[in-house]
Amino acid sequence: MQICNSMIEAVQQKHPVLNESISPRGWNRLKIEGIRSPELNRIVDVEVFTPPGYNSETTSLPLLLLNDGQDSEPMQLLSILNDLSESGEIAPFIVAGVFCGDRLQEYGVSGKPDYKKRGASAAKYAHFITEHLFPALEHKFGIKKNHPGNAIAGYSLGGLSAFDMAWNHPKIFPRVAAFSGSFWWRRKALDKGYTEADRIMHRVLRKSKLRPGMKFWFMAGTAEETADRNNNGIIDTIDDTLDLIAELVTLGYKPYYDIHYHEVKGGEHNVPTWGKAMPYFLKWAFGRKD
């Protein structure tokens, strides 16, 4: 518990620097700078967004954990959250955006590096999130590991990481979103005998069983790339995503009910495109049911 206690101290303002930005429109932003992660051997910054009227002593809200938290500001996430709250389209929740470090090593599939040995620290990153950061956020913000509304999301490699973390921890993150997820992540190079069966996350699903209660949201843009490995007229980003969805359907998940796919016409592989898609995901994950 020593590491966890130090994390709790961190979010209680005893170690890192905390910068709070109070929005006149309702949502507040708190940046926690300088959290030490022994697993990753680096300092981690986390940005937390809390909704209007939030009180940790009286309210237990679901958590949205975001990989690539440094993208929240250029995405104008605070403005998106305020807009959706003001229009009454989302229920209250908390966002924790984790700033990335060495994303080519920390993001990936746990225990299964790709053919270039990238993603070697994916399991360590997942351990930091689930065993150290999450308990600290529980202590400070009143969230719960077993909240049925918790979600995790990420962009590109961060989307692959989010999917992998949710798949391995469905009780913590029963909902997951991958914006332009890097589901091409593979065991072999294209010129070394690669086949579609070498895609790592697809392979994991083929060897898995259904995790009851999980929900999935995927996004891809039609102009993210021009690459088309199998020459079927569909760019690889979309192909790999749709093939992953097919694996989920084979396991027993139902399209539209368990799985949502959002395609952005003309969408590119960048923050502006993901920002355009973000409101659709937030309404899917945290939309008001009344």
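Throughout, read-outs are computed from the coordinates displayed, never taken from laboratory work. Because the structure is predicted, anything quoted here is derived from the model rather than measured. Cβ coordinates were reconstructed from backbone atoms using ideal geometry, including for glycine residues, and neighbour counts include every protein chain displayed.
Using 1/(1 + (r/R0)^6) with R0 = 22 angstrom and r between the beta carbons of residue 210 and residue 243, what's the FRET efficiency to the nearest 0.05?
0.80
So what does log10 I(q)/I(0) come out to for segment 112-234 at q = 0.09 Å⁻¹, using the Debye formula with one equal point on every Cα and no solvent?
Values returned for q = 0.09 Å⁻¹ are -0.30.
Nearest 10 degrees is fine. How inclined is helix 236-251 to the longest principal axis of the chain, computing both from alpha carbons?
80 degrees
Explain nothing, just the number: dipole magnitude of the chain about its Cα centre with +1 on each Lys and Arg Cβ and -1 on each Asp and Glu Cβ, in debye rounded to the nearest 20.
Rounded to the nearest 20 debye, it is 940 debye.
Tell me, in nm to one decimal, what length is gained between residue 171 and residue 257 on full extension, where the rule is 0.36 nm per residue of separation less the Cα-Cα distance?
Difference between extended and current length: 29.1 nm.
Just checking my list [x] 0.96; [y] 0.92; [z] 1.05 against Rg/Rh (Cα atoms, Kirkwood Rh) computed from this structure; which label fits?
Computing Rg/Rh (Cα atoms, Kirkwood Rh) and matching it to [x] 0.96; [y] 0.92; [z] 1.05 gives [x].
Over the chain, with a Gaussian network built from C-alpha contacts below 10 Å, which listed residue (246, 96, 123) shows the highest mean-square fluctuation?
Comparing 246, 96, 123 in the GNM, the peak value goes to 246.
Using the structure shown, list the pairs from 144/276; 254/283; 117/254; 209/283 with a Cα-Cα distance above 25 Å, or answer none.
Where the Cα-Cα span goes over 25 Å, the pairs concerned are 144/276; 117/254; 209/283.
For a quick check, take a GNM of the chain with Cα springs below 10 Å and name the residue from 171, 145, 254 with the largest mean-square fluctuation.
254
Against the longest alpha carbon principal axis of the chain, how many degrees, from 0 to 90 and to the nearest 10, is the axis of helix 2-11 turned?
It is inclined by approximately 70 degrees.
Which residue fluctuates most in the GNM of the chain (Cα springs below 10 Å): 28, 82, 146?
Of the options given, 146 has the highest mean-square fluctuation.
Enumerate the lysines that residue 116 could reach by cross-link, defined here as Cα to Cα under 23 Å, with residues fewer than 8 away along the same chain left out.
Leaving aside lysines fewer than 8 places away in the same chain, those within reach of residue 116 are 124, 188, 192, 207.
Which of 216, 173, 179 has the fewest other C-beta atoms within 10 Å, and how do the rest follow up to the most?
If I rank by nearby Cβ atoms, fewest first, I get 216, 173, 179.
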